[in-house]
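Worksheet: one structure, shown below.
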């Protein structure tokens, strides 16, 4: 009787297994610890926070699918305060105290450049998020950059700006440059100088200002206005970008084109804060919700992100760094899986030779760890008639912005000169 009952139980278990959808085997053992710093306070925090949420969504998804190499994944991170100074200590702590298996580089040029020395000394793979030309001096073969600048990094942020300007009739002849006195601002405006020279334009103003310290931008704008440039290119961080847009409006400065490499204007909260003041500005972007750029996997991720954004206190849309934060660690996870190892050398080798499929499209790393092919956008804001709140449907679509370059993603033409868009 007992044997018969056992047989019935076994048969029932088999039937249940056959009728239940298959699930990933739960990961076992010690977690694979991946350590990094993120800008969670300071001027870069609005972007850093959304990147972190994207990464945490990936962490949950990968563990639900069985983890990596049969083990769960655990992200360990600390706030670098949007500064260089804390970064080396954070990465030393991650490796020596937290005993992480692998590291990821920070978000943004300033913390990434500071942390790079630790990665090189320890021979760790170092993939950063949106840092500009960080590997130029190091030439480190285990470095990778998650930023669509392509191999010619410094000019990429303003290349489209100058391309559009040079196509106007009559062609603008002079340009003014303002830049934050820190790695990103310096690098981006070095690229702007190259673009100006390429198109035969004369630089009539070229000055820096203290990064994250300037309060009143009006004197800067008055000095630029006195130089009377046709074009005004700005290479700035989020607090500077807001201050400069407001100062241009207050002074009534109206060059023929204005914008370029301004970090922060991509954030929904900053767009909502500035509203119609953004009309006419031409600035870089890395992704927009156009039919030309959206993928089913992108939309799937954004639904998850946006459902959690309010509770997490982050950008409600996640178009700028939520998406890229996910793709950044998605690539790393796929590299670990593809290399079938936690050895940094094997992971780096796999990353160099592989084209990665991500929610942001195909990514292939080339020379110096930068993208093999660039994909930076220039967009122009227009037709914003009144201040719209952070949750206004306006910001979800394309009605207030045109992609001007590159041509394969173009959605509209430039409104030129700048004054016409006001």
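Of all residues in the stretch 382-400 being assigned to a helix (DSSP H, G or I) and free of Cβ contacts under 8 Å to residues at least 40 places away in the same chain, which is nearest to residue 316 (Cα to Cα)? Steps first, answer last, please.
Let us first name the residues in the stretch 382-400 that are assigned to a helix (DSSP H, G or I), namely 393-396.
Add one more test, that the residue is free of Cβ contacts under 8 Å to residues at least 40 places away in the same chain, and what stays is 393-394.
Numbers: 393: 11, 394: 13 Å.
Here the residue is 393.
For the stretch 67-111, which positions are free of Cβ contacts under 8 Å to residues at least 60 places away in the same chain, farther than 19 Å from residue 127 by Cβ, outside any strand (DSSP E or B) and within 18 Å of the chain's Cα centre (by Cα)? 81, 83, listed by residue number.
Within the stretch 270-302, being touching a helix residue (DSSP H, G or I) at 6+ places or on another chain (Cβ under 6 Å) and surrounded by fewer than 16 Cβ atoms within 10 Å (Cβ to Cβ) holds for one residue alone: 292. Regarding residue 266, is this residue touching a strand residue (DSSP E or B) at 6+ places or on another chain (Cβ under 7 Å), assigned to a loop (DSSP other than H, G, I, E, B) and either modelled with pLDDT of 95 or more or surrounded by fewer than 17 Cβ atoms within 10 Å (Cβ to Cβ) (or both)? Criteria met by residue 266.
Residue count for the stretch 112-130 satisfying the condition of being assigned to a helix (DSSP H, G or I) and closer than 20 Å to residue 154 by Cβ: 4.
Applying a threshold of 7 Å to beta carbon distances and a minimum spacing of six or more residues, or different chains, the list of pairs starting in the stretch 123-139 at a residue that is surrounded by fewer than 24 Cβ atoms within 10 Å (Cβ to Cβ) and ending at one that is modelled with pLDDT under 95 reads 139/368.
The numbered conditions (1) more than 20 Å from the chain's Cα centre (by Cα); (2) under 26 Å from residue 315 (Cβ atoms); (3) not in a helix (DSSP H, G or I) are all true for residue 232 except (2). Kindly indicate whether any position in the stretch 303-310 is crowded, with 23+ Cβ neighbours inside 10 Å, on the phi < 0 side of the Ramachandran plot and touching a helix residue (DSSP H, G or I) at 6+ places or on another chain (Cβ under 9 Å). Taking every residue of the stretch 303-310 in turn, at least one turns out to be crowded, with 23+ Cβ neighbours inside 10 Å, on the phi < 0 side of the Ramachandran plot and touching a helix residue (DSSP H, G or I) at 6+ places or on another chain (Cβ under 9 Å).
Which of the residues belonging to the stretch 153-204 are in a loop (DSSP other than H, G, I, E, B) and under 25 Å from residue 325 (Cβ atoms)? Write out each step before concluding.
Step one: of the stretch 153-204, the residues in a loop (DSSP other than H, G, I, E, B) are 167-173, 181-182, 199-201.
Listed by number, the list holds a single entry, 182.
State the number of residues belonging to the stretch 371-381 that are in a loop (DSSP other than H, G, I, E, B) and either out of contact with any helix residue (DSSP H, G or I) (no Cβ under 7 Å at 6 or more places or on another chain) or in the same structural domain as residue 405 (by TED's automatic domain parsing) (or both). Working first, answer last.
Let us first name the residues in the stretch 371-381 that are in a loop (DSSP other than H, G, I, E, B), namely 372-376.
Keeping just the survivors that are either out of contact with any helix residue (DSSP H, G or I) (no Cβ under 7 Å at 6 or more places or on another chain) or in the same structural domain as residue 405 (by TED's automatic domain parsing) (or both) gives 372-373, 375.
Number satisfying all stated conditions: 3.
Please list, ordered by first then second residue, the pairs with beta carbon atoms under 6 Å, 6 or more apart or interchain, first in the stretch 249-275 and on the phi > 0 side of the Ramachandran plot, second assigned to a strand (DSSP E or B). From residues that are on the phi > 0 side of the Ramachandran plot, the pairs are 259/282; 259/283; 260/233; 260/234.
Applying the selection to the stretch 401-422, what residues are touching a strand residue (DSSP E or B) at 6+ places or on another chain (Cβ under 6 Å) and surrounded by 14 or more Cβ atoms within 10 Å (Cβ to Cβ)? Steps first, please.
So in the stretch 401-422, the residues touching a strand residue (DSSP E or B) at 6+ places or on another chain (Cβ under 6 Å) come out as 401-405, 409-412, 414, 418.
If the condition is that a residue be touching a strand residue (DSSP E or B) at 6+ places or on another chain (Cβ under 6 Å) and surrounded by 14 or more Cβ atoms within 10 Å (Cβ to Cβ), then 401, 402, 403, 404, 405, 409, 410, 411, 414, 418 are the ones that fit.
In the stretch 328-351, the residue that is farthest from residue 363 (Cα to Cα) out of those that are free of Cβ contacts under 8 Å to residues at least 12 places away in the same chain and assigned to a helix (DSSP H, G or I) is 346. Do we have any residue at all in the stretch 207-226 that's in a strand (DSSP E or B), surrounded by fewer than 18 Cβ atoms within 10 Å (Cβ to Cβ) and without any contact (Cβ under 8 Å) to a residue 60 or more places away in the chain? Yes, there is a match, as at least one residue in the stretch 207-226 is in a strand (DSSP E or B), surrounded by fewer than 18 Cβ atoms within 10 Å (Cβ to Cβ) and without any contact (Cβ under 8 Å) to a residue 60 or more places away in the chain.
The values are calculated or read from the model by the stated rules, or taken from the named source; none is laboratory data. Note that the structure is predicted; figures quoted are calculated from it, not measured. When we count neighbours, we look across all protein chains shown, and the Cβ atoms used for this are built from the backbone with ideal geometry, even at glycine.
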